[in-house]
């Protein structure tokens with residue numbers, strides 16, 4: 001079958017892709033699929049493509065966790081958000097490239113103790129600490145763990161994204 005180079009429109013309306021024996025694209029208003037007789041050749045979407053780095057976000061404050069996860073996703077990263085270190089450990093650390101955005105003051109296993117355990121083991125991850133604690137109370141302990149960054153709440157989301165990009169590169 002010859003390559004028709006057919007493209008469906010934004011609404012996924014049938015075009016010559018149906019005549020070529022291919023299903024119409026159905027992305028809705030966010031983008032289009034360029035279709036050919038070999039199948040989907042390329043997908044274009046509004047917004048950034050997901051980057052390979054997975055971000056593991058751990059914060060016990062529901063509203064902070066949701067807001068940060070949304071900002072990280074908007075920046076194009078794959079994010080998994082957890083209420084506690086125990087919830088993260090129940091799922092297991094992912095294979096491949098990942099970094100932690102880790103609240104210092106967590107119930108159960110706190111962020112510092114978790115990072116110390118990772119650093120002593122075989123699966124240390126680049127870590128960005130976030131905290132509402134006074135710098136004088138935690139800066140020495142955090143510096144010993146060589147984090148990518150330490151962000152004191154409230155912080156700008158752009159600073160978080162820049163730190164994640166440093167962890168990635």
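A short reminder: the numbers here are calculations on the coordinates, not readings from a lab. Quick caveat, the model's predicted, so the values are computed rather than measured. Cβ: placed from backbone, ideal geometry, glycine included. Neighbour counts: every protein chain shown.
For residue 61 and residue 157, compute 0.36 nm times the residue count separating them, minus their Cα-Cα distance, and round to one decimal in nm. Working shown, then result.
On the way: separation 96, 0.36 × 96 = 34.56 nm, distance 1.61 nm.
Here the segment from residue 61 to residue 157 would lengthen by 32.9 nm.
Based on other C-beta atoms within 10 Å, arrange 129, 82, 155 from fewest to most. Before the final figure, lay out each step's value.
Values: 129 24, 82 20, 155 15.
Taking fewest neighbouring Cβ atoms as first place, the list is 155, 82, 129.
Taking neighbour counts of Cβ atoms within 10 Å as a proxy for exposure, in what order, fewest first, do 127, 117 appear?
Fewest-to-most Cβ neighbours within 10 Å comes out as 117, 127.
List residues of the range 99-123, by number, whose backbone nitrogen lies under 16 Å from a label position 7 Å along Cα→C-beta of residue 168.
Of the residues in the range 99-123, 99-101 have backbone N under 16 Å from the label point off residue 168.
Could you work out how much longer the chain between residue 122 and residue 93 gets when fully extended? Use 0.36 nm per residue separation minus the Cα distance between them, nm to one decimal. Can you show the working numbers first?
Numbers: separation 29, 0.36 × 29 = 10.44 nm, distance 1.17 nm.
Result: 9.3 nm gained on full extension.
Convex hull over the Cα atoms of the range 61-169, averaged projected area in nm²? Mind showing how you got there, number by number?
On the way: hull surface 26.4 nm².
Taking a quarter of the hull surface, the average projection is 6.6 nm².
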